[in-house]
Amino acid sequence: VEFGWSPDDLAFRRELVAFLAEALPPDWEEISKGGPGSDAQVAFSRGFCARLAERGWLTQHWPSAWGGRDASSWRHAILGEELWSRGEPRGPQYMNVNWIGPTILRFGTDEQRRRHLPRISAGNVLWCQGFSEPEAGSDLVALRTLAVREGDHYLVNGSKIWTSYVNHAEFCFLLCRSDPESSRHRGLSVLLVPMSLPGIEVREIPSVVGERYFHEVFFTEVAAPADCLLGEEGQGWEIASWALQYERVGAARYARAARMLDVLVEEARRRGRLSDPMLLEKLGEARATCEAARLLTYRVIDQREKALPPTADANVARIAGTLAERAVADLALEVSGGEALAYGSVAESHFRMAMTAGVAIGATEIQMNLVAGRLLGLPRE
Amino acid sequence: VDFDPSEEQRAILESVEALLARHAGPRRAIELAAKGEYDTALDRALADAGFAEIARSDGAGPLEAALVVESIARAAGVVAAGAGMLVAPQVAGSALAGPVALARAGDAAPIRFGAHARTLLLLDGGEARALDLPPGTGEPVRSNFGFPAGRIDAAALRGGASLGRGSGERLAAWWRVALAAELVGCMRACLAVTVEYVSKRRQFGRPIGSFQGVQHRLAECAVLVEGSGWLAREAAWLGAPAEAAATAAAQASAAAARVFTDTHQFTGSMGFTREHDLHVWSMRLQALRLELGGVGAHRRAVAEARWTPGA
């Protein structure tokens, strides 16, 4: 057990922070207030990710044969912390580099790797994830979108919901049922579907979370070429589980919450409230919650770096991250008072992003089920 | 960063666990508590095995001391492990004659080990003082909170050797790290005995631990305990900077309130008996939660260290 960073990692963080001071424009706060799916942030992310790619930072944790630099998971985690705490200038592309790319690398054919990985590591492609359905949310394996093999293609019919970034996406990481006779975990497959195929319709679901945050995606007689299949037919659940394991700690939400807390304190200081012992107590509480989430996330990164099999620690980290975001979001409104009513204000922007924490990537209750079963060993019903 | 124990750390933990299996445990704690006694034999065994000096020994340091303190708490050792093995060496520069007790100047309330301590580390504003306590200085106080307690007369708290400038901050910080480590050890034990209980206890034809209402609260406790554990370890590794130390104590104290409530809730009336082991650790959580001003003071210390240093 030790908690030190290598000199190289420290130097990287310094270089990155200096780069960000220059790369993020003065109106970045304005650009980012609509959230990662907004038109403004998506547009910005294209140029920004290309610049990260030029420096070799975007996918440095990938193998050098596939557009990476064989860097450690820690290096990529530093990138994630610094970017999330600044409102994620990679926009939706954080998903690509965190788990879509690594999943294609792990389960894809060489042809699929050649088709997708160079574009992801160059920072000029957008993806969306097709998991949830109207009747399959927390109970994901109840999903019904069908992809039936017919000759040289899969005929896809069904719908996905709560999909983010889909209006800009060129590809969808689609989890669907390739065996119509199957149920639950069996008979699922992953297709890497080009969004340009005829028969795909997208409807935005307006929400209070942010611009273009949720969509419904309809697949009607969509003919997806057979080489869209990732891995084997029927391997979908294994692939999705592997990908989700990455995604649960992929977004450094604790880092954004911690940064937000620093910003709030400056606001409280300007208003002369920082001598209020009750407020200090709440700030200290929220800070401790963020710090706990940081270490629990690091623990999962450590396991990933050592290529250990996934454990319930990823669920523990995800729950802790949710607690941190909620603690800071509540405090943000309290510190800002009426100023929070203005859309795009600092407190409101954070609150809006934080309110999905307990739902995104698996409801907290599902995470707790997994912790109870796998970590504590409590009996099943 | 490495979350797995090194070979040296593994060896240290294995040897202390083996020693604790022989000399400590909840049954012994219950026996000693009935007489209000201190575990001199365990203290001696730990010292003989070299653990008293672990914080300043070759190949080990405060992190290893914190790990050992956590293990001792988990094994319900009735010894002043945090103060003696972690706080004293880090604040005074060497181990002090044990048992060591910790107190704040101007606070006449009973303290842990107050009637047994030979040395008192006193937090007096920005300064720490070390006082020798002649036998009989502290008055035993009967306590229901799992530690032998004692009250030390205010007159006995004068004098003593000042440990120099900045020693007060150092004492407060290491005290918080030690508190966090002890809280974590006790919380792990509370959770373990509760998980065992709810896995066996059947109502409505099934183990009560299979109900989601029970599972989710224990899962959340586990998240809080795990986080507190790593914060305590990181704070020790960093050398107890004020912010990290207060963060660990704040998180562990808050977690302790939840762990106390939920583990007692799920063990029902059985958990309140002296027949069941839960109380050995759970009641200690409350004693530990009182020290240094408790969770509110730890949280304010986090905020002050981070955002208003020197104010």
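Key figures for this structure:
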| quantity | calculated |
| --- | --- |
| Per-residue HN-Hα couplings for region B:280-293 [Karplus 6.51, -1.76, 1.60; θ = phi - 60°; Hz; x = Gly/Pro] | 4, 9, 5, 5, 5, 3, 5, 4, 5, 5, 7, 6, 6, x |
| Under 13 Å, Cβ to Cβ, from B:D262 - net charge with Lys/Arg +1 and Asp/Glu -1 | +1 |
| Heavy-atom accessible area per residue - region B:208-311, 1.4 Å, Å² | 32 Å² |
| For B:245-252, mean number of other protein chain Cβ atoms within 10 Å | 4 |
| Principal-axis tilt of helix A:253-270 within chain A, Cα atoms, nearest 10 degrees | 30 degrees |
| Chain A, accessible area per residue, ligands and nucleic acids excluded (1.4 Å, Å²) | 39 Å² |
| Computed label-point distance, nm, for sites A:M355 and A:W5 using a 7 Å Cα→Cβ extension | 3.4 nm |
| Amide hydrogen neighbours beyond the local backbone of B:V141, cut-off 5 Å, H modeled | B:A149, B:G150, B:R151 |
| Ranked by how many other beta carbons lie within 10 Å on average, peptides B:279-288, B:136-145 from highest | B:279-288, B:136-145 |
| At R0 = 30 Å, FRET efficiency that the Cβ-Cβ distance of A:D110 and A:V148 yields, to 0.05 | 0.70 |
| Calculated P(r) of region B:1-146 - Cα pairs past 19 Å, % | 53 percent |
| Ranked by how many other beta carbons lie within 10 Å on average, peptides A:141-150, A:335-344 from highest | A:141-150, A:335-344 |
| Fraction of accessible area attributable to carbon and sulfur, region A:50-145 (%, probe 1.4 Å) | 44 percent |
| Helix-only [θ]222 nm of the protein assembly as shown, DSSP H runs n ≥ 4, -39500 (n - 2.57) each, per residue, nearest 500 | -16000 deg cm²/dmol |
| Size of electric dipole in chain B: Cβ of Lys, Arg +1 and of Asp, Glu -1, about Cα centre, debye, nearest 20 | 1000 debye |
| Shielding by partners - mean other protein chain Cβ count within 10 Å, residues of B:1-8 | 6 |
| Per-residue HN-Hα couplings for region B:70-76 [Karplus 6.51, -1.76, 1.60; θ = phi - 60°; Hz; x = Gly/Pro] | 4, 4, 5, 5, 5, 8, 6 |
| Approximate spin-label separation A:A50-A:L155, in nm, with each point projected 7 Å along Cα-to-Cβ | 4.1 nm |
| HN-Hα J in Hz across region B:99-104 - Karplus 6.51, -1.76, 1.60, θ = phi - 60°, x for Gly and Pro | x, 9, 10, 10, 8, 9 |
| Longest to shortest principal axis, alpha-carbon extents of region B:166-311, angstrom | 60, 28, 24 |
| Accessible surface buried upon A-B contact (total; probe 1.4 Å; Å², nearest 100) | 4200 Å² |
| Accessible carbon and sulfur surface of region B:211-260 relative to its total accessible area, %, 1.4 Å | 57 percent |
| Net charge over other residues, Cβ less than 10 angstrom from the Cβ of B:V87 (K, R count +1; D, E count -1) | +2 |
| Global size of the protein assembly as shown as Cα Rg and Dmax, reported in angstrom | 27.5, 94 |
| Inter-chain shielding of B:207-213 (mean C-beta neighbours from other protein chains, 10 Å cut-off) | 4 |
| Intensity falloff of region A:163-222 expressed as log10 I(q)/I(0), Debye formula with alpha-carbon point scatterers, at q = 0.19, 0.22, 0.27 Å⁻¹ | -0.78, -0.93, -1.10 |
| At q = 0.11, 0.14, 0.15 Å⁻¹, base-10 log of I(q)/I(0) for region A:182-258 (Debye sum, equal scatterers on each alpha carbon) | -0.46, -0.73, -0.82 |
| For the protein assembly as shown, with +1 on Lys and Arg beta carbons and -1 on Asp and Glu, the positive-most of A:Q60, A:A18, B:L96 along the dipole | B:L96 |
| Compactness of region A:78-185 as Cα Rg over 2.2 N^0.38 Å, two decimals | 1.20 |
| FRET efficiency, A:A122 to A:S183 (Cβ-Cβ, R0 45 Å, nearest 0.05) | 0.65 |
| Modelled FRET efficiency - R0 35 Å, A:S73 with A:E365, Cβ distances, 0.05 increments | 0.80 |
| Alpha-carbon centroids, region A:20-97 and region A:256-290: separation in whole Å | 27 Å |
| Estimated inter-spin distance, B:A257 and A:R380, nm [label 7 Å along Cα→Cβ] | 3.7 nm |
| Spatial extent of region B:137-182: Rg and Dmax, with the Cα atoms as the point set, Å | 14.0, 37 |
| Ellipsoid semi-axes in whole angstrom, largest first, where each is sqrt(5λ) of the Cα gyration tensor of chain A | 34, 23, 22 |
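The values are calculated or read from the model by the stated rules, or taken from the named source; none is laboratory data. Quantities reported herein were computed from a predicted structural model and do not represent experimental measurements. As a convention, Cβ positions derive from the backbone with ideal geometry for all residues, glycine included, and neighbour counts pool all protein chains shown. In case anyone asks, the SASA skips ligands and DNA or RNA and just uses the protein heavy atoms, side chains included. Shrake-Rupley method; radii C 1.70, N 1.55, O 1.52, S 1.80 Å.
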